[in-house]
Amino acid sequence: MASSDLIGTRIRTYRERLGMSIDDLAKNTGIDAGIMSRIEQGGTCPPIGTMVKIARALGQRLGTFMDDQMVDEPLIVRSCEMTEESSSLSNETSEHYHYFPLSKGKPDRHMEPFFIVVDPTADRTLTSHEGEEFVIVMAGEVELIYGKEKFRLKAGDSMYYNSVVPHFLGAAGEDRAEIYAVIYMPF
């Protein structure tokens, strides 16, 4: 099963367990019902901000929808073994991230660490969700729009912010960027 199919199936399963319709979930997350339907059908992989909203609306941690196995501790992820789990390629979500989860299979975790390749995009739509984010720029440059402020960060720079403040994080300019991001979402 492809990662988008797995994510969509898990979202639908938890939604149905709660007796919610797609329209109910869309309303509770602020996500268009058509986009929510495509996510459930595996037609698109949602960006992390959308996944956080869905997880919160369903009362689950973010990893519930992305894990496919449980592993023993400590969890070691070798850079040569990282695999892309989901990417947002849909124009409707306007975000171009390629996610490589670094905690896949770790039970009872409270953080979601990722290596993310960020493609350039003209869209600068702000999103918000509960929690906090810590990001380290590894390659290229990124732009952080945080509320009404804008910041440009280069390789080696880091940022830590409250995710409830409307924000956008994307590649600055025409080149892709690479970041490590740790997302904390209270459960």
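The values are calculated or read from the model by the stated rules, or taken from the named source; none is laboratory data. Everything quoted here is computed from the prediction, not taken from an experiment. Methodologically, a virtual Cβ is constructed for each residue, glycine included, from the backbone with ideal geometry; neighbour enumeration extends over all protein chains shown.
Points worth noting:
- Of all residue pairs spaced 6 or more apart or on separate chains, those with beta-carbon atoms under 7 Å, a first member in segment 163-177 that is on the phi > 0 side of the Ramachandran plot and a second member that is part of a strand (DSSP E or B) are 173/141.
- Evaluation of residue 155 against the conditions (1) at pLDDT 95 or above; (2) touching a Gly at 6+ places or on another chain (Cβ under 6 Å) shows that the sole unmet condition is (2).
- Residue match in segment 129-148 (condition: among the basic types (Lys, Arg) and at pLDDT below 90): no
- No other residue among 11, 31, 39 is under 19 Å from residue 99 (Cβ atoms), in a loop (DSSP other than H, G, I, E, B) and either assigned by TED's automatic domain parsing to the domain that holds residue 113 or among the aliphatic types (A, V, I, L, M) (or both) apart from 31.
- Among the residues of segment 15-31, just one is surrounded by fewer than 19 Cβ atoms within 10 Å (Cβ to Cβ), closer than 13 Å to residue 54 by Cβ and either of a type in the set (Ser, Thr, Tyr) or touching a residue at least 40 places away in the same chain (Cβ under 8 Å) (or both), namely 18.
- Residue, nearest to residue 115 (Cα to Cα), within segment 54-74, restricted to residues that are surrounded by fewer than 20 Cβ atoms within 10 Å (Cβ to Cβ) and modelled with pLDDT of 80 or more: 74
- Exclusive hit being at pLDDT 85 or above and in contact with a Pro (Cβ under 6 Å, 6 or more places away or on another chain), set 114, 100: 114
- So residue 6, is it of a type outside the set (D, E, K, R), part of a helix (DSSP H, G or I) and either more than 24 Å from residue 125 (Cα to Cα) or not assigned by TED's automatic domain parsing to the domain that holds residue 59 (or both): yes
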